[in-house]
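The values are calculated or read from the model by the stated rules, or taken from the named source; none is laboratory data. In this text, all values refer to a predicted model and were calculated from it rather than measured experimentally. Positions of Cβ are backbone-derived with ideal geometry, glycine not excepted, and every protein chain shown enters the neighbour counts. These accessible areas exclude ligands, DNA and RNA; they are computed on the full protein's heavy atoms, side chains included. Shrake-Rupley method; radii C 1.70, N 1.55, O 1.52, S 1.80 Å.
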Amino acid sequence: MSLKPSPDAQQTFAPATRLVHAGRDPGEQHGFVNTPIYRGSTVLYPTYDAIKNRRGRYNYGTSATPTMDALTTAWTELAGAAGTVVTPSGLAALTVALMAAVSAGDHLLVTDSAYRPTRQFCDGVLARYGVEVTYYDPIIGAGIADLMRPNTRAVLVEAPGSQSFEMQDVPAIAEVAHARDACVIMDNTWATPLLFPPHERGVDIAVEAGTKYLSGGSDLLIGLTSANARYYPAVRRTFDHFAMCAGAEDIFLALRGLRTMNLRLREHGRAGLEMARWFQVRPEVLRVLHPGLPEDPGHAIWTRDFAGASGLFGVILKPVPEVALAAMLDGLQLFGMGFSWGGFESLVIPFDCAGYRTATKWAPGGPALRFHIGLEDTADLKADLDAGFARLRAAT
């Protein structure tokens, strides 16, 4: 029997099957199921001719190893890309994408709902190197044509928006951008390619914080930047120039997470939508920010373009004193308060976008909380939150 499905057969597999088999070749590993951890910097060449002409599959540890190739091959297949690079964090993956797409004198459009560290990179590093950045309303859709300039080289999208969860019409934005020869970059961390195939939807360079759902264990920092055939050479050059490679152990853990990501993500999504509906009917809640809810302004786009939801969403409470909010959160037993998300445990953070939005106004009408629903039993999560809301009411 073959130890690896044929390339033709792999093209017919469903995403769940691809996740199990992509990037693995037990025949190259003496029959062992997983690609082992290859640590190292130096690669030896057998002859003078080989080293002079770089006649080898590998030449140095920063550019590629068998462990790195296993992950990039698998992610490229999953994302429908021409190639992928692996970086030490999600933010590093974003910086590689941006540096590959823009140069001094260029104009960059960035959604006003972008991940805040992305904004800081744009307003700090890119601005210092002569790239002009304009932030736009995330619900602008094809109207982004009015913001395009002759030197607009890229548009950064994120759907749904970081913390505020606005849904962007990515295909419409991509059509406008491509008509003007601009690159479309997307932060696709919320959905992963399992729920939103970025390159099928017109995205040129897609970024994922594998720290989240790819890892699944809240113990890993890693990022992935995939690109189509036009933009992958620039992404690869930028990656090589910075030697921004992830550690061997981290790549190995990402490969381990990859095999179960479909099951975990589906459960996060199911439980997250259940909890979002539970919040909707709470008397303390003003509204829920979740594109999977029919009442959400972005629901029609989500239904059209996405295959499901992850476990991350927002909740806007009715106005309460800060002491009451603190009483609610401080006593929670199952919801940790911490940044990042995508792991097995449930999390909550308070947030406020007002201080850094520039193209839109953030005025939610009450305290804003971002929830990540983990893999706990939802009955236990509801009981924990119910007790938290009782503390909130008592302190009001």
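Over region 59-144, what is the relative contact order in whole percent, taking alpha-carbon pairs under 8 Å and six or more residues apart? Display every interim value, and only then the final one.
Details: 63 pairs, mean separation 20.6, N = 86.
The value is 24 percent.
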Nearest 10, in degrees from 0 to 90: the angle of helix 66-79 to the longest Cα principal axis of the chain is 60 degrees
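What's the FRET efficiency of LEU263 with GLU28 using the Cβ-Cβ distance as r and R₀ = 41 Å, to the nearest 0.05? Before the final figure, lay out each step's value.
On the way: r = 27 Å, r/R0 = 0.65.
About 0.95, to the nearest 0.05.
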Qualifying aspartates and glutamates (Cα of each under 17 Å from Cα of LYS382; at least 8 residues distant if same chain):
GLU267, GLU274, GLU284, ASP330, GLU345
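Want the number for ASP384 to PHE344: 0.36 nm per residue separation, take away the alpha-carbon distance, what's left?
Working: separation 40, 0.36 × 40 = 14.40 nm, distance 1.68 nm.
Gain in length upon complete extension: 12.7 nm.
Mind giving me the FRET efficiency for THR62 and LYS318? R0 is 30 Å, r the Cβ-Cβ distance, nearest 0.05 is fine. Spell out each step's value before the answer.
Numbers: r = 52 Å, r/R0 = 1.75.
For R0 = 30 Å, the calculated efficiency reads 0.05.
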Give me the accessible area per residue for the chain, probe 1.4 Å, as a whole number in Å².
43 Å²
Gain on full stretching of the segment that runs from ARG256 to THR303 - 0.36 nm per residue minus C-alpha separation:
13.9 nm
Considering only C-alpha atoms, what is the centroid distance from region 305-337 to region 251-265, in Å?
26 Å
Radius of gyration and Dmax over the Cα atoms of the chain, both given in Å
22.0, 78
Accessible surface of the chain [probe 1.4 Å, protein heavy atoms]: carbon and sulfur percent:
56 percent
Assuming R0 = 51 Å, can you tell me the calculated FRET efficiency for the pair LYS52 and GLN120, based on Cβ-Cβ distance, to the nearest 0.05?
0.70
Is any residue of region 111-134 close enough, with backbone N under 20 Å, to a label point placed 7 angstrom from the Cα of ARG230 along the Cα-Cβ axis, and if so, which?
111
Run the numbers for ALA359 and ARG282: contour at 0.36 nm per residue of separation, minus the present Cα-Cα distance, in nm.
24.6 nm
Taking the dipole of the chain about the Cα centre (Lys, Arg +1; Asp, Glu -1; charges at Cβ), the one of ILE316, GLY216, HIS372 that reaches farthest to the positive side is GLY216
